[in-house]
Amino acid sequence: MELYDIKVTDKGVAALAAKESVLTALATLDLRYSHIGDVGVLALAARDSRLSALTTLNLTATQVTDVGVRALAAEDSALLALATLNLSYTQATDAGVAALRKARPRLSVDTGVTALKKAGGT
């Protein structure tokens, strides 16, 4: 499902993942250039999210930080089927991405050409 560059917000993403959602078979979600941040990612990754079939998630140029990245790395994340994740041009740090890769070694994480920030600095 391509929802990029249409100003989707955290609230909209939460509705996609809500228990009332009928998108249980959704495999790809493209949210690049959306107005989402950690709150939206937390809703996607929540244990009761209906998006457990998601295998590809594009978060390019969103406001996601290490808080959202940690939610994706959590053992109880609903997104355990996730195979491909794009974090290009986000606020994720080197440390956050490294922790995600350690927790989910089979997950392909694309950080693109963006210069990842070190925690607490630039």
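Where a number appears in this text, it was derived from the coordinates with a stated rule and is not lab data. Everything quoted here is computed from the prediction, not taken from an experiment. Here Cβ is always computed from backbone atoms with ideal geometry, including for glycine, and neighbour counts include all displayed protein chains.
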Collect the residues in the stretch 41-67 that are within 15 Å of Ala78 (Cα to Cα), outside any loop (DSSP other than H, G, I, E, B) and in contact with a strand residue (DSSP E or B) (Cβ under 7 Å, 6 or more places away or on another chain), keeping them in residue-number order.
Thr56, Leu57
Residues that are at positive phi and of a type outside the set (A, V, I, L, M, F, W, C): does the stretch 26-38 have at least one?
yes
Among what's in the stretch 1-22 and is of a type in the set (Val, Ile, Thr) and not in a helix (DSSP H, G or I), pick the residue that is surrounded by the fewest Cβ atoms within 10 Å (Cβ to Cβ).
Val22
Could you check Ala27 against (1) surrounded by fewer than 22 Cβ atoms within 10 Å (Cβ to Cβ); (2) among the hydrophobic types (A, V, I, L, M, F, W, C); (3) over 18 Å from Ala14 (Cα atoms) and say which number it fails?
(3)
Kindly indicate whether any position in the stretch 23-37 is closer than 22 Å to Gln91 by Cα, hydrophobic (A, V, I, L, M, F, W, C) and in a helix (DSSP H, G or I).
no
